Amino acid sequence: MGLSPYNFENIIQMGTTTTSSNKPLGVIALAMISVAAIFSLRNLPVMAEYGLSSAVFYLLAALVFFVPASLVCAELATTWPKNGGIYLWVKEALGPRFGFLTLWFEWTNTIVWFPAVLSYIAATLAYLIAPTLAANKYYMIVMMLGIFWGVSGLNYFGMRLASWVSGFGIVFGTLVPAVLILGLGIVWLLSGQVSQISFNWGALVPHVSLDQSAFLAGLILSFAGMQIAGFHAQDTANPQRVFPRAILLAVVLIVIASTLGTLAIAVVIPQQQISIVAGLMQTFDLFFTTFHLHWLVPVLALLTAFGSIAAVNAWLTGPSKGLQYAAQESQLPQVFHSKNRYGMPAGILTLQALIGTVLSLVYLFLPTVNASYWFLSALTAQLTMFMYLLLFVAVIVLRYRHPDVARPYRIPGGKIGVWLAGGLGFAVSLATIVLGFIPPAQLETGSTLLYETALLGGILAFSLPALVLFYRQRKRDS
């Protein structure tokens, strides 16, 4: 998940047959939308653990998940460009109950994601006070909850102010630090500083044991979100020509930016010292201290934290809009229809904040901040991949159920191409779910059995309400 305008509001409002501009989107514009939707600085420290071989992992993840997901969303968005987005696509293929399940998994993975990104913000802001606070559980929880409820409160007062915060954060909180971290890695090497990784062909070969492979689930999750490009694909003059080129450009830019940013961290910070929560600020801190520019550390901490706050803000209202859409289709109780005088779903926003507060308490029970961060990231990945499983099945089913529906953009290769894209995406999503149950050897997560039981319990807890509603709807329909 990047600093993305893609959320449930996009699902509902952007899946329309018209564009807001008189000019159709070109290759570069569509590619830039995708880059903004997916690339995130927060994900870089996770893969820095792998050093130079992270470049290979990024490339493989792009080929087996990133591109198939993009092609699938492009075909579905241009074929069914109506309100509802993912909900509508799965509903058309598998029925309204499975459409609701898809919507539910998308909402719940967003809620679980909140504490993870909030911990990143809190760890970043620790560099304004004392970097050691990033490992203090109590500081983390107080800061996380203060930010979360503050941003949630902002969204009670309508979308105008919230949208301004998100737009400003994208530019100054993500793009500026991204360019800076890439430049720092280059300057570090050119100035003759010691590199913490080796640059040779042997270092490119991935060496991953089973207990280290869990981080690959985080890599796949970092590439989730190409749906945003799919929603814009119908706004191109020639989808068959523009979209494949835009996908290629976006994939190249995101893979390059992610790889170079990851390597910049790996070059500066020894592998055993990389914090997956505060790794970015560790890099800035060490670099600026080495070159006697330490006064810039608080500036970067503020910018980076604000960028992630903008990301939280961008995703807060979206899920509630999605649930309202489901309620309008009688998939949820009528209480989810309620709005305040600003037109915002205050009840659902409060419910989200309460659930996020409870999830944040995970930081009190796991051994370390890094372990807590990873647990929530793994749970987010699990719920996200359940949504993708339904999505990849839907694209295959729709080719057979509605073969004659006009498709402005078709996945190349006919039915074989659809099976390849949908089947490969399904297999990778399933593998990601399995890998998520393996606690990383690099992190102190406590008992393996306890970790796996807690993760399974989290999945069941977030899935059970949807399954109950699914069953009740089935009884009503029968």
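Only a single criterion out of (1) under 23 Å from the mean Cα position of the chain (by Cα); (2) of a type outside the set (Lys, Arg); (3) surrounded by 13 or more Cβ atoms within 10 Å (Cβ to Cβ) is not satisfied by residue 461, namely (3). Out of 204, 103, 154, 161, one residue alone is over 20 Å from residue 48 (Cα atoms), at pLDDT below 85, among the aliphatic types (A, V, I, L, M) and surrounded by fewer than 15 Cβ atoms within 10 Å (Cβ to Cβ). It is 161. In this entry, residue 413 passes the filter for residues that are at pLDDT 85 or above, out of contact with any Pro (no Cβ under 7 Å at 6 or more places or on another chain) and surrounded by fewer than 17 Cβ atoms within 10 Å (Cβ to Cβ).
Among the residues of segment 172-185, those that are over 20 Å from the mean Cα position of the chain (by Cα) and either free of Cβ contacts under 8 Å to residues at least 60 places away in the same chain or not in a helix (DSSP H, G or I) (or both) comprise 179, 183.
Applying the selection to segment 79-98, what residues are outside any helix (DSSP H, G or I), surrounded by fewer than 23 Cβ atoms within 10 Å (Cβ to Cβ) and not polar (S, T, N, Q)?
Residues of segment 79-98 outside any helix (DSSP H, G or I): 80-85, 95.
Then drop every residue that is not surrounded by fewer than 23 Cβ atoms within 10 Å (Cβ to Cβ), which leaves 80-84, 95.
Once the filter is applied, which keeps residues that are outside any helix (DSSP H, G or I), surrounded by fewer than 23 Cβ atoms within 10 Å (Cβ to Cβ) and not polar (S, T, N, Q), segment 79-98 yields 80, 81, 82, 84, 95.
Listed residues 256, 269, 265; which is farther than 27 Å from residue 151 by Cα, buried (at least 24 other Cβ atoms within 10 Å of the Cβ) and modelled with pLDDT of 85 or more? So the residue among 256, 269, 265 that is farther than 27 Å from residue 151 by Cα, buried (at least 24 other Cβ atoms within 10 Å of the Cβ) and modelled with pLDDT of 85 or more is 265.
The condition of being touching a helix residue (DSSP H, G or I) at 6+ places or on another chain (Cβ under 8 Å) and part of a loop (DSSP other than H, G, I, E, B) holds for only one of 409, 388, that being 409. Residue 240 meets the conditions (1) at pLDDT 80 or above; (2) at negative phi in every case but one. The failed one is (1).
Yes/no matrix, rows are residues, columns are (1) over 15 Å from residue 384 (Cα atoms); (2) without any contact (Cβ under 8 Å) to a residue 60 or more places away in the chain:
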residue	(1), (2)
87	no, no
91	yes, yes
96	yes, no
109	no, no
122	yes, yes
135	yes, no
146	yes, yes
156	yes, no
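Within the option set 35, 56, being modelled with pLDDT of 80 or more and either closer than 20 Å to residue 221 by Cβ or β-branched (Val, Ile, Thr) (or both) holds for one residue only, 56. Would you mind stating whether residue 245 is assigned to a helix (DSSP H, G or I), surrounded by fewer than 24 Cβ atoms within 10 Å (Cβ to Cβ), in contact with a Leu (Cβ under 9 Å, 6 or more places away or on another chain) and modelled with pLDDT of 75 or more? Considered against the rule, which asks whether it is assigned to a helix (DSSP H, G or I), surrounded by fewer than 24 Cβ atoms within 10 Å (Cβ to Cβ), in contact with a Leu (Cβ under 9 Å, 6 or more places away or on another chain) and modelled with pLDDT of 75 or more, residue 245 comes out as yes.
Look at residue 210 and say whether it is among the aliphatic types (A, V, I, L, M) and at pLDDT 80 or above. So residue 210 does not fit the description; no. Only one entry of 453, 384 meets the criterion of being farther than 23 Å from residue 65 by Cβ, at pLDDT 85 or above and either of a type in the set (Val, Ile, Thr) or in contact with a Gly (Cβ under 7 Å, 6 or more places away or on another chain) (or both), and that entry is 453.
Remark: residue 426 falls outside the filter, which requires a residue to be within 22 Å of the chain's Cα centre (by Cα), assigned to a loop (DSSP other than H, G, I, E, B) and at pLDDT 85 or above.
Of all residues assigned to segment 393-400, at least one qualifies as being in a helix (DSSP H, G or I) and of a type in the set (D, E, K, R).
Pick from 76, 44, 101: which is in a helix (DSSP H, G or I) and out of contact with any Gly (no Cβ under 7 Å at 6 or more places or on another chain)?
101
The values are calculated or read from the model by the stated rules, or taken from the named source; none is laboratory data. For clarity, every value in this text was computed on a predicted model and none was experimentally measured. In this analysis, Cβ positions are derived from the backbone assuming ideal geometry, glycine residues included, and neighbour counts consider all displayed protein chains.
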